[in-house]
Structure formats: structure tokens, C-alpha cells
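Since the structure comes first, as C-alpha cells, the remarks are kept for the end.
The numbers here are math on the coordinates, done by the rules we state, and not lab data. Since we're looking at a predicted model, the values are computed, not measured. Because the Cβ atoms are built from the backbone with ideal geometry, glycine has one as well, and the counts that use them run over all protein chains shown.
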Amino acid sequence: MVTLARIRDDADEILPGVVADRRYLHENPELGFQEFNTARFVADRLESLGVEDIRTGINVTGITGLIRGTGAGPGEDRVVLVRADMDALPILETNKVDYRSKNDGVMHACGHDAHTAMLLGVTRLLLDRRDKFSGTVKVLFQPSEEAGPGGAKGMIEEGVLENPRVDTVLGLHVSSRLDTGRISVGDGPIMAAADSFKITIQGKGGHGAYPHTAVDPVVIGSHIVVALQTLVSREVDPTDQAVVSACAFKAGEAFNVIPDTAMLGGTVRTFVAKNRDLLETRLNELATGIASAMGGTATVEYSRGYPSVINDQETSDLVREAAREVVGEDNLDMGKPRMGAEDFSYFALERPGCFFNVGTGSEAKDSQWAHHHPRFDVDEDGMAQGIATMATAAVMRLNQG
């Protein structure tokens, strides 16, 4: 426990350097698979710290490195992977901070700058106490979490979970919804599978004054939108969670012309595979059936995105234990399932893992804005708790054997 307490203290001590790294990354954001400067920055940091076996260019810009424990213990053959994402979003920042984005139209509006800087901090703490654990920590910096198909799957396909073989995966996300100083760890499905759909409705155009001579795709689309609301309320088990949202409806340009076609687009969010399959099937059947019944046709394009993030129970218990050491029981929350998506899910499908949230929300620091908002920011004080929790969890897992 003395060692674990020291990790917490050391995280506070190195925080100024982590903040400096985070602000540099915030000023220089890069979109998914374009993180070339970010990757160079990370690789240089890892080399200067003494990380072994640094590999770059994985799935374009991904990076891994190894921290080998030198202590005696039961975890000699165990490997824990700790992951951070590096990409920014196509958003024009409106913050007035000194470290505002220098790349207009690109912004770290989800905290990946903090994740990258925090993992560099975790790396430093673990290197400083290699004699306190056996086994290996693999640090992984991932491109393109924000944009499908995402960077995680490609990195896995290029072998990042092997050589050496990873046993456990850990990831974190800063959260403006969670007060600074709090850690949230959930069990089981904690983030949703995210799918998208596009429905193209073919009718028959005509004059708005003579609708009987046309087949109106706007009316057909309106019936489809209303009917979509019944998929969850009447076909999904009410004890499960799911969302079907029609978010785009495009048709016509003139006030007196019935168009030939209309387009609907939206998202489907689920936590369990049976509901994902059900909603894909029923959305197609409902849209095509309504269109046919009303004299038109509908073509459905359904695209599956990231799967659900499913936390392993044993690994989540371990992270909770680590968080208690860092923030105390009173500042530890039981994470609830959320409808957002994350491609950490691909790692957690391959190995037992835990993805947890770190509180960085503070009205006093103006960091309460939602993720993906042009004023999003983080209370940097909260990064120390995330660093300490991640490092503590990794050491605890390796010392378990």
C-alpha cells in the first residue's frame, strides 16, 4: 500500500509536465489517421523516457512501446496494455485560452489530447518503479477513434495484442459530466454499439397542386419516421436499452413540387447482440413495407459501427480497487451504461478489459461543456487522478500474477 500511495503522490508531482504536454497537443490537433506530428511527439517522449521496443507507423500513425518490470513476482509472464487515443475533431474552437487550437477547424473537443498526455505520465510513473512489478506493460497510442472504421481494429489486425501476448487491456476517458476528482467504473456493457442507416425513398414526382398524380416520398418518409419510434418501444424488451433516432430528412427544394425521392438517415444504439440484429432486420422490413404499401419503394443501407464496450467483471473490480487507493470510496462512482460509442470495444472483445471515466468537469474552471462542443475543455487537475488510477491498476494486475 505504501507503493500505491506513492504512485498517487508522484502523479501530482509530475502533473505540471503532463499539463504542458497536453497543452502542446491541444494547440496542434490533428484529425484521424493524420496524427503525424502527434505521433512524432509521442515517439520522441517515449524514447527520451527509456521505453523499449518502440514501434511506430502501426495502422498509419499508431505507436506501441514496452515497459518491462524488473521486480520478482507472480506476474513475470503477464502483459497489461494501456491505451490512449490521439485524434481530434473537425470543429472550430471558440475557447479563449492561451493554448487554443492553432489549426482552425480542427480541435481536441473530446479530450484525446489529455488521454495522450496522461498515458505519457503513466509511462513515466511505471518506468520509475519497474523494480516494483514483474511482467510487462505495453503502452499503446491509437489513431482515429472519432471516425470509422476507427484505429483500434486496424492496430489489432497488425498484431498489437501479440509479441508479447497481451493478457489485460485498460483504457480511460476524461469526462466533463463527472466532477473533477471522481472516478467512474462500470461493469458489463458500458457503451453502446453504434450503427447508422440511410433510407432512400423512391416515389413519383409531380405538382404540389395535383398530389393524386404523384407518389409523395415526403409523406412516405414521414410515416417511416413515426413508425421507427415503435421499434424500441414495442419490439425491444423493455428491460433492455436501445435507441433508434432519425436525424436527417432531406427531400425537395421547391414549395410547390413533389419530389421524386427523399432520404432519411439516423443512428441505432444497442448493448446486446440480439437487439442489434433485431433492429437491423426490423428497420429494413418496416421501411420497405411502408414504402411499398404507399406506392413507392425504399432502399435501406445499414452500416454497423463500433461494437459495445463490455467491461470484464474481474478487471473492473481491480480498477475500482485502484481508484479507491487514489480518490477514496467517496469519490468512486459505479458507471452506468451510456449510449455513446468507443472503439476501445475492439480491444475488450479480444482480451479482458476495463474502460473507465475520469472526472474533469468543473464550472469554476469552465470545463463543464459537453464533449464535441466548441468550448469543450478539461480541468487539468483531474488528470492526476486518472494517471494514478491507471498506473496503480497496471501494477496491481501484474502483481496478481
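Per-peptide packing, taken as the mean over residues of other Cβ atoms within 10 Å, places 71-81, 259-269 in the sequence 259-269, 71-81 from highest down.
Taking only Cα atoms, what is the 0 to 90° angle, nearest 10, from helix 112-128's long axis to the longest principal axis of the chain? Compared with the principal axis, the helix lies near 20 degrees.
Compared with the dominant Cα axis of the chain, that is its longest principal axis, helix 313-327 is turned about 60°. Classify segment 125-192 as rounded, prolate or oblate, taking a ≥ b ≥ c as the square roots of the eigenvalues of its Cα gyration tensor: rounded when a/c is under 1.5, otherwise prolate if a/b is larger than b/c and oblate if not. Oblate shape, in that a/c is at least 1.5 and b/c is the bigger or equal ratio. For the residues 60, 378, 257, a GNM of the chain with alpha-carbon springs under 10 Å puts the largest fluctuation on 257.
Name the shape class, rounded, prolate or oblate, that the alpha-carbon gyration tensor gives for segment 193-304, where a ≥ b ≥ c are the square roots of its eigenvalues, rounded holds for a/c under 1.5, and otherwise prolate holds if a/b is larger than b/c and oblate otherwise.
On the way: a/c = 2.73, a/b = 2.38, b/c = 1.15.
The shape class here is prolate.
Placing dummy labels 7 Å off each Cα toward the beta-carbon, the span from residue 165 to residue 5 is 3.9 nm. With 0.36 nm allotted per residue and the present C-alpha distance subtracted, the residue 20-residue 255 stretch has 79.1 nm of extension available. For residue 237 and residue 213, the difference between the fully extended length at 0.36 nm per residue and the C-alpha to C-alpha distance is 4.4 nm. The amide H of residue 204, built 1.01 Å from its N in the peptide plane, has 215, 216 as neighbours under 5 Å, considering only residues 5 or more places off or on other chains.
What number, in percent, do you get for the relative contact order of the chain if the mean sequence gap of Cα pairs under 8 Å and at least 6 apart is divided by its residue count? Walk me through the numbers on the way to the answer.
On the way: 958 pairs, mean separation 97.3, N = 401.
This gives 24 percent for the chain.
Rounded to the nearest 20 debye, the dipole magnitude of segment 193-304 is 80 debye, with +1 charges on Lys and Arg beta carbons, -1 on Asp and Glu beta carbons, and the Cα centre as origin.
Here is the list for segment 247-286: GluC sites (Glu not before Pro) lying in DSSP coil, each with at most 15 other C-beta atoms within 10 angstrom of its C-beta, are 253. Cross-link partners of residue 365 among aspartates and glutamates, defined as those whose alpha carbon lies under 13 angstrom from its own and excluding same-chain residues fewer than eight positions apart: 179, 377, 379, 380, 381. Look at (i) 1.27; (ii) 1.05; (iii) 0.96: the one that is Rg/Rh (Cα atoms, Kirkwood Rh) derived from this structure is (ii). For the chain, the longest principal axis of the alpha carbon atoms and the long axis of helix 382-400 meet at an angle near 70°.
Along segment 169-186 the Karplus relation, 6.51 cos²θ - 1.76 cosθ + 1.60 evaluated at θ = phi - 60°, assigns HN-Hα couplings of 10, 10, x, 9, 9, 5, 9, 6, 7, 10, 4, 3, x, 9, 10, 10, 10, x Hz to successive residues, with x for each Gly and Pro.
Tell me the mean residue ellipticity at 222 nm calculated for the chain from its helices only (DSSP H runs of n ≥ 4, each -39500 (n - 2.57), averaged over every residue, nearest 500).
Values: 9 runs with 143 residues, N = 401.
Mean residue ellipticity at 222 nm (helix-derived): -12000 deg cm²/dmol.
At full extension, residue 247 and residue 128 could sit 37.9 nm farther apart than now, given 0.36 nm per residue minus the alpha carbon distance. Put a dot 7 Å past the Cα of residue 196, heading toward its Cβ, do the same for residue 229, and the two dots end up 2.5 nm apart.
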